[in-house]
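Notes follow the structure.
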Amino acid sequence: MSIETSERDYLSHLNPQQQLAVTQTDGPMLILAGAGSGKTRTITRRIAHLVTAGHVAPGQVLAVTFTQRAAGEMRARLRALTTDAGTAPTESVQAMTFHAAAHRQLAYFWPRVVGSTDWQLLDSKFAIVAQAANRAGLPTGTDNVRDLAGEIEWAKGSLVAPEDYPTVTARLRREVPMDAAKVASVYAGYEDLKNRGGEGILLDFDDLLLHTAAALEEHSAVADEFRERYRCFVVD
C-alpha cells in the first residue's frame, strides 16, 4: 500500500480540524477536545501518518495515557489501522500508562543510576502507611489510613518532601485530614519503612515516576539514550 493511499485512509471520517492535527508534523502540538469528540481516533491516526510517511519508525514512538483501559483502547486502535496487505504499520508502537512506561524505563536504567540494590514494586501502600501511623501514635482505622495515604500521594505528586509538608500545606491553605505535622511524621515514617525493606528497596507507583524523572534529569547519558530511542511522544 502506498504512502498516498495510507494517508487518504487515515484521514477518512475526520473533520478538517482533526485532519490538520493528523497531518501536522512540525514541532509539538496540543489537541484540546472533550470526551467523545474523536480525540483518541485522531491521535492514533496521527501516529499512523507519522509512521507511514517516514517521519519516525514505529519503535521510536511512545504513547502514554492515564489508565490501563485507555492504553488498551489505544493499542487496539493502532492494530486496527492495517494496510491492504493486512499488516499494521503501527504494530510495534508502544502504548501504555505513564506508570507502566516509567516501570519499563526504570527497570532498564536502574543498575546504571543506582547500582546493584534490588527494588520491588509496592502494589498498595496501605499496610506500610498503617504501620507508619501506628509508629506515630495515630489511629490505624481504614478511613484514617486512607486519608493519610491520599495526602502522601498528593505530596509526592506535588514534589513536596515530608519536612516541607506542613509549610507547603499552610501556604496553599490546603485542607488536611489532621494536624499537618502528624501527617508529615507518617509520611517520613512511610518513606523510611519502604527504604528498609527486608528484600531491597520498595517503590510505590509515585516513586516510579519520580525516580524515572530523576534518572533523566540527573544523568545525561541516560537522557541521551532515551532521546535516541524515542523520537516521538504522544500523551492522551
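The values are calculated or read from the model by the stated rules, or taken from the named source; none is laboratory data. Quantities reported herein were computed from a predicted structural model and do not represent experimental measurements. No Cβ is skipped: glycine too gets one built from the backbone with ideal geometry, and neighbour counts run over all protein chains shown. Side chains are part of the model used for accessible areas, which takes the heavy atoms of the whole protein and leaves out ligands, DNA and RNA. Shrake-Rupley method; radii C 1.70, N 1.55, O 1.52, S 1.80 Å.
Just a few scattered comments:
- Result for the chain in a Gaussian network model with C-alpha springs under 10 Å: among Gly36, Gly72, Gly137, the largest mean-square fluctuation is at Gly36.
- Computed magnitude of the charge dipole of the chain (debye, nearest 20; Cβ of K, R +1, Cβ of D, E -1): 500 debye
- Accessible area per residue in Å² at 1.4 Å probe, computed on the chain: 56 Å²
- Of all lysines in the structure, those lying under 22 Å Cα to Cα from Lys194, and not within fewer than 8 positions of it along the same chain, are Lys125, Lys156, Lys182.
- Multiplying each eigenvalue of the alpha-carbon gyration tensor of the chain by 5 and taking the square root yields semi-axes of 42, 21, 15 Å, largest first, rounded to whole angstroms.
- Accessible area of the range 76-225 belonging to carbon and sulfur atoms, whole % at 1.4 Å probe: 49 percent
- The largest accessible area among Glu151, Glu163, Glu73 belongs to the first residue in Glu163, Glu73, Glu151, and the rest follow in falling order (1.4 Å probe, all chains).
- Relative to the current alpha-carbon distance between Arg171 and Ser92, full extension at 0.36 nm per residue lengthens the span by 23.8 nm.
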